[in-house]
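The values are calculated or read from the model by the stated rules, or taken from the named source; none is laboratory data. What you see is a predicted model, and the numbers here were worked out from it, not measured in a lab. All Cβ positions, even for glycine, are placed from backbone atoms using ideal geometry, and neighbour counts span all protein chains on display. Areas reflect the complete protein model, heavy atoms only, side chains present, ligands, DNA and RNA absent. Shrake-Rupley method; radii C 1.70, N 1.55, O 1.52, S 1.80 Å.
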Amino acid sequence: APPLSPKSRDVGVRGAGSGAVSLTIPGLVDNSMAAGKGAGKPVSLWDNMRIRFMVCFLGVFVCYFYYGILQETITRGEYGQGDKKEKFRFARTLVCIQCIISALFAKILIQFFEGSKPDHTKNWLYGLCSLSYLGAMVSSNSALQYVNYPTQVLGKSCKPIPVMILGVTILRKRYPLAKYLCVLLIVGGVALFLYKPNKSSAVADDHVFGFGEILLLISLTLDGLTGVAQDHMRSRFQTTANHMMLNINLWSMLVLGLIVLTTGEVSDFLSFTERYPSIIYNILLFGVTSALGQTFIFMTVVNFGPLTCSIVTTTRKFFTILGSVLLFGNVMSSMQWVGTVLVFLGLGLDAKFGKTPKKTTH
């Protein structure tokens, strides 16, 4: 084929059926899309997978950065005056409201962007994803009652590992050796960066492996099962990000709704909001940022797979803390510098050598 002329590389706006307008760059064809679109054909900006990945990553980062600020404001703030100050203690109701707002947000997206497009995904897969996600979250938080914070940090940093292991063993996926190395570098770097030994409790625990560690293993296993179920939906039923977000949140809302109703937590929560109505604004904003963040997370799962999504969410915490350190001039320890180098090395190698996993042939 003859080389492209300078004019063919200019950005142009072309009509896309039914009067819609899409931004196209004739000279920009992503390698991963070339097989399906044909080399040299105009593609939209969104078809470039690198741009799509950057949008997903920045969306997750920005939304969950503000989400974390709101979460800390709501759960760690003190309400009232004088000796009558109260703490917010309705975590399950808060997550239930978060699921309701996310489900409504996904429903609106489906209505406006997907219309009557059918969803053939089995309901039991959505239920499995919801139960495994909630179970992983409960197990991880409950583990803090039995293990120290550094141990929990190490466990949460290893989330991509069970996603990869269960993907290989259950879905028969094959990853290049470089992918395993990249994941280990990223996980190790994040663990080193976040690890902060508690000097006040320098005495080691008497047990080597106890109930807290079992809860962390359960949490990691459930994270892996969530990834397997999402990967199966993605490859078998071509489940869209919005349908995945809607149905998983509906199942989570059902489970948490039954819990808060049977325990009476919802009535205590309503009484709390009557006493301190200013918290309602933060709760609604908390739900909106969660809905936006989940949109980018499920978009990442559908376009790049659960393993990439777990790497994004793991490194998101690293970049948040690193940004805080750099902005406020805090001194980084030598261990944190080593962790930083490992994370960027792992991300760089993954961008260069990471490939889409393939199923084994029988």
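Our estimate of slack between Phe113 and Ile165, defined as 0.36 nm per intervening residue step minus the Cα-Cα distance, is 15.2 nm. For the stretch 45-354, the solvent-accessible area of protein heavy atoms averages 53 Å² per residue (probe radius 1.4 Å; ligands and nucleic acids excluded). At full extension, Leu254 and Leu284 could sit 8.9 nm farther apart than now, given 0.36 nm per residue minus the alpha carbon distance.
First select every other residue whose beta carbon is under 12 angstrom from the beta carbon of Leu258; then total the charges, Lys and Arg +1, Asp and Glu -1. Result for the neighbourhood of Leu258: 0. Computed packing ranks the peptides 255-267, 78-90 as 255-267, 78-90, most packed first, by mean other Cβ atoms within 10 Å. A simple spin-label model places pseudo-atoms 7 Å from Cα toward Cβ; at Val338 and Asn303 they are separated by 3.6 nm. Compactness ratio for the stretch 50-180: Cα radius of gyration over 2.2 N^0.38 Å (N = residue count) comes to 1.38.
Computing FRET efficiency as 1/(1 + (r/R0)^6) for Asp268 and Leu104, where r is the C-beta to C-beta distance and R0 is 35 Å, gives about 0.90. In a fully extended conformation the segment linking Arg236 and Tyr66 would gain 57.8 nm over its present Cα-Cα distance, using 0.36 nm per residue. Of Tyr180, Tyr276, the residue with the largest accessible area leads and the full order is Tyr180, Tyr276 (1.4 Å probe).
Summing charges over neighbours of Asp268, with a neighbour being any other residue whose Cβ is under 14 Å away from its Cβ, gives +1 when K and R count +1 and D and E count -1. Ligands, DNA and RNA left out, the accessible area of the stretch 45-354 computed with a 1.4 Å probe is 66% carbon and sulfur. Here the label points at Leu345 and Lys85, each 7 Å from Cα along the C-beta direction, are separated by 4.6 nm in the simple model.
Here the stretch 45-354 is described by how far its Cα atoms reach on the three principal axes: 59, 58, 39 Å, from widest to narrowest. Surface calculation, 1.4 Å probe, protein heavy atoms: Ser271 sits at approximately 50 Å² accessible.
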